[in-house]
1. Filter the range A:43-82 for residues that are among the hydroxyl-bearing types (S, T, Y) and open to solvent by less than 10 Å² (accessible area, probe 1.4 Å) and give the result.
2. Are there any helices (runs of 4 or more DSSP H) wholly within the range B:213-305 with 2 or more residues that are of a type outside the set (V, I, T), more than 10 Å from chain A (Cβ to nearest Cβ) and open to solvent by 10 Å² or more (accessible area, probe 1.4 Å), and if so which?
3. Restricting to the range B:389-411, what's the tally of residues that are more than 10 Å from every other protein chain (Cβ to nearest Cβ) and acidic (D, E)?
4. With the requirement that a residue be surrounded by 14 or more Cβ atoms within 10 Å (Cβ to Cβ), in contact with a strand residue (DSSP E or B) (Cβ under 9 Å, 6 or more places away or on another chain) and among the charged types (D, E, K, R), what does the range B:103-140 give you?
5. With (1) open to solvent by 10 Å² or more (accessible area, probe 1.4 Å); (2) within 25 Å of B:V277 (Cα to Cα) as the list, and A:A35 as the residue in question, which single condition is left unmet?
6. Suppose the filter is closer than 23 Å to A:L336 by Cα, basic (K, R) and either open to solvent by 50 Å² or more (accessible area, probe 1.4 Å) or away from every other protein chain (no Cβ under 14 Å) (or both); does B:R435 pass it?
7. Keeping to the range A:120-145, report how many residues are away from chain B (no Cβ under 14 Å) and either basic (K, R) or in contact with a Cys (Cβ under 9 Å, 6 or more places away or on another chain) (or both).
8. Restricting the range A:101-119 to residues that are within 11 Å of chain B (Cβ to nearest Cβ) and farther than 20 Å from A:H81 by Cβ, which is least open to solvent (accessible area, probe 1.4 Å)?
Amino acid sequence: MTYVLKPRLHHPTLPKNKIGYTRRDYEGKVSTLCAGCGHDSISAALIQAFWELDIQPHRVAKLSGIGCSSKTPDYFLGNSHGFNTVHGRMPSALTGANLANRELIYLGVSGDGDSASIGLGQFAHVMRRGVNMTYILENNGVYGLTKGQFSATADQGSKSKRGAVNADAPVDTVSVALLMGATFVARSFSGDKQQLTPLVKAAIAHQGAAFIDVISPCVAFNNHPGSTKSYDYVRDHNEAVNRLDFWPTREAITVDYTEGGVIEVPQHDGSIIKLRKLSASYDPTDRIGAQDQIAQAAVKGEVLTGLLYLAPDAEDLHAHLNTCAVPFNQLGEKDLCPGAGTLEKINASLR
Amino acid sequence: MKRIEAVNDFVIKFANVNGSGSASANELFAKSFLRMGIPVSPRNIFPSNIQGLPTWYEVRVTEKGHLGRRGGVDLMVAMNPQTWAEDVKEIDPGGYLFYDNTKPLPPSRFRDDIQVVGMPLTEICNATYTDSRERQLFKNILYVGALAGMMGVEPEVIAELIGEQYKGKEKLLKPNLNAFKMGLDYARNHLKDAIGLKTKRAYAVGDKIFIEGNAAAALGCLYGGATVCAWYPITPSSSLAEAFQRSCSKLRVDKDTGKNKFAIIQAEDELASIGIVVGAGWNGARAFTATAGPGISLMSEFIGLAYFAEIPAVIIDVQRGGPSTGMPTRTQQSDVMKCAYASHGDTKHVLLFPEDPYECFEMGAQAFDLAERLQTPVFMMTDLDIGMNQRLCNPLVWDDARRYDRGKLMTEKMLEAGMEFGRYLDVDGDGIPYRTLPGTHPTKGAYFTRGTSKNAHAMYSEAGPDYVYNMQRLLKKFETAKTLVPKPVLTPSKEPARFGCIYYGSTSPAMHEALEALSQSGIFVNALRVRAFPFQDEIFDFVQSHSKVFVVEQNRDAQLKTLLVNDAGINPASLISVLHYDGEPITARFITKEISQIVTALNVRPIKKDKAA
């Protein structure tokens, strides 16, 4: 980590996005994580994605649980409200926040201890409900803040820095999310910003429960030989099923694909996700097929990455609950209180 | 043997089998008294079971309006062979046993000191109906008819109630009316003057309404502007969330768009329920959860976060018997301490103690104003006795001029005008800082909410002075809460009194009846009903001005007394606990006996009536 304060001034020629913000406007406080931490790369990808999408930072609400990953929302989008909730319970707090104001963009940041160990229940249920959010799981298979214990995503047989071997079966968060009804499921690697940034953009545009498991090596406790979440291991075993491009609007689709088939998946908001297939047999709109292929790859020791599943006709919790368009937190007495006359009628019916 | 003779003042208890359809028949019977202008107070005594176990329904008919549980039974309607022995035993000497005498029972199954009234209910039903479910259901209506005949309940009143119940369901209306008539005629022909408990029309109900506390609390939340309800099913609170759902479906759907101005989530557990409430509160929606003791235990971590990060939340605890799973279908006031100090570390929370459905409505709505004004969790502490029983109470009141108090919200305009924003900065000296909602302003007012220690500007800080500043400010805020929560209500005795009495919540009706009985025997007590925590100075002063103060509670460990000693600095030597915690609602007879005994033991026997004890 660094103790140097970020300078306020920046170069006048820094590029601006359509709404006039530079990338610096999407930054937060200086990270207090270890140098080389995969999480910082994810923060950088998030900054890039929000900047490219021309989203005003203050229209984003960032929620997290507890752990190294959950600290990161302080390190990007400094002009957004953030909420560091309790361990493993970010999903419920995010659900409540989302109900209160459907107009903001909700970003949930969590870790593998937070989502797969203590918070597996809330992780599963938030997917079931289809809360409109981008849920980033910064997955390093280890507890960093408490110095190196295994988490529930650690692979069976992987070795801790102290040499202990993990005997427990791992929780595959991507499979859980698919099974529980998430409508956008992806996996990526913090060391591959080219892959991660468009995935984040597409997840933000997705109107439903979007989940990205990002393998993010812990340089302090889980980057050694014998670990299956180290930079080297993930680079060697990364099997991308597709490359993704994201267009905010329908008009701007001009791209040159040189190899592989291209799949276009239009989104509710008019944006289009374009996928360049790297694997001929992979269909990201087939939920059952995706589950099968993820399982097959796991047996071979491969880590399948890319956009693994996308439901084009996704609905979110507000649609399920048939809620009004005006955010709840803007409704007043006039909208909410039926008044004394109605109460008198209720009284009359109770005599 | 002297038999009990009474007019408009007696207790009838129905012993039934759960799931036999008795509940609606018994409720019909209870309501018939209300329509005759006689107050009643019914209570469900039910098992944690769906079908087959014993269940009781106790109806206190009380022209004087004593709505607490009296204790004792004047007439037992014994419809459950399984509990026969204990039901027969419970009848007061001179009281009545009404039973189905289709099969003869040996004399050893009865008592010499009670009146036995038999009616061949099964025989009549078997002769009249062929369907087994009909035989079961109409047996209930049959005994209602017979009781009405014996006690002089106006048949027109019951016919009217049956008509209301089966409005639009003609197929059911007719047979129910017939069954009722059959029972009525049987009693008139065969059981004339069998029972000395009589009714006659009175005018003691007035404009009062008959409603369950849970339904009233749900309406309070609706009127109070709650838009988010997250809950997990748990007795005795489930019917509150369900009532909120029903009321919202009628009153909160936008007429033009058909869209809902509410969201109700049945969460996966209580941890998620409170998480959703806290998340919604953080983002400016009025949100609540309804639960019982075990739920509070699970919610404690989030409650601590909401206290420390200062997020509004409303929690309705419909208390039941604890600890652990305890007595899920029985009543207690045993979560007082748990809620007052819920969560680890130094925490304190605002509690409200409604006495009846009327206050469940009033405080239910007020809780949201308090939660937003104080930016903290607010608990409404009801219990099974209030929550799950229909209770006669004053009509619910709402003033259309009333505005929601959204508390100190800093708006975009205020930020734009250059007002200083420090999320945890005490700018007004009342301990309450300003908050901003997410999305308020592009460059000003954003902050990071956390459960870790922070400075006045919400920056992470482990510095002792920053931590102490916030903890002291939270105490100051709790002082401010004293000025906002409902004040205690004093019921002065008719004569000057040395003794005082503090009580709260569902104890109220039994307490008032006990005060009357005590004063008749020359024991005069000033009574103070505590309606909220933190305790105001009035409570301290009340204790100071009496030599001894009884604290009447429905728990084993004298939880409110502990709170009075711990938080209001009251000398424990001046407090005497009167505790009732067997799961049944406290009775006037119990309070009267306990206080009389203690007063006697303190050697202050009243010399003659009307003289102060």
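1. Here is the first cut: in the range A:43-82, the ones among the hydroxyl-bearing types (S, T, Y) are A:43, A:64, A:69-70, A:72, A:75, A:80.
Hits for the range A:43-82 are A:S43, A:S64, A:S69, A:S70, A:T72, A:S80.
2. Values: elements: B:213-223, B:238-251, B:270-282.
Answer list for the range B:213-305: B:238-251.
3. 1
4. B:R111, B:K139
5. It is condition (2) that A:A35 fails.
6. On the way: closer than 23 Å to A:L336 by Cα: yes; basic (K, R): yes; either open to solvent by 50 Å² or more (accessible area, probe 1.4 Å) or away from every other protein chain (no Cβ under 14 Å) (or both): no.
Criteria not met by B:R435.
7. The number of residues fulfilling the criteria is 6.
8. If we take residues in the range A:101-119 being within 11 Å of chain B (Cβ to nearest Cβ) and farther than 20 Å from A:H81 by Cβ, then A:G119 is least open to solvent (accessible area, probe 1.4 Å).
The values are calculated or read from the model by the stated rules, or taken from the named source; none is laboratory data. A quick note: this is a predicted structure, and the numbers were derived from the prediction, not measured. All Cβ positions, glycine included, derive from the backbone under ideal geometry; neighbour counts span all protein chains shown. SASA here: full protein model, heavy atoms, side chains in, ligands and nucleic acids out. Shrake-Rupley method; radii C 1.70, N 1.55, O 1.52, S 1.80 Å.
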